[in-house]
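The values are calculated or read from the model by the stated rules, or taken from the named source; none is laboratory data. The model shown is predicted, which means the values in this text are computed figures rather than measured ones. Reconstructed Cβ throughout: ideal geometry from the backbone, glycine too, with neighbour counts over all protein chains shown.
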Amino acid sequence: MKVKMNVNTNYQGFHKKGSKVNVSDEIGKRWEANGIAELVEEVVKEDKTPEVNEDAAAEMEGQVKIDDVLAKAELKDLTAKELYDKCVEAGIEVEQKQAKKHYIDLLTE
């Protein structure tokens, strides 16, 4: 189902207000009911690849870099054990009892 966004959303990638996005029937109907988007057309084959507004993505790129710096600073305050646990939660295969820097590098790649 194709919908036209009434608001900005970060669902499966950033979508700017006014952009057209392919979503599942369930999501499209829910968004229409809540005023998040308008139905544009039914899509016979659902495209799982989200559309990305290149201008919005470029605007957000600078913010992502700032967020990475802030996240790295926050990670430095954690213990090696806490960093190891974060790696495990993120699904990163890692050995125990490594240096904090090793874990931080893995988490910020």
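Numbers for the structure displayed
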{"item": "Some residue of the stretch 17-28 being at positive phi, surrounded by 11 or more Cβ atoms within 10 Å (Cβ to Cβ) and modelled with pLDDT of 85 or more", "result": "yes"}
{"item": "Yes/no for Glu51 being under 15 Å from the mean Cα position of the chain (by Cα) and either at pLDDT below 75 or over 30 Å from Tyr103 (Cα atoms) (or both)", "result": "yes"}
{"item": "Only one of Ala73, Ala58 that is assigned to a helix (DSSP H, G or I), at pLDDT 65 or above, among the hydrophobic types (A, V, I, L, M, F, W, C) and exposed (fewer than 12 other Cβ atoms within 10 Å of the Cβ)", "result": "Ala73"}
{"item": "Scope the stretch 1-16; condition more than 11 Å from Val40 (Cα to Cα), crowded, with 17+ Cβ neighbours inside 10 Å and hydrophobic (A, V, I, L, M, F, W, C); matching residues", "result": "Phe14"}
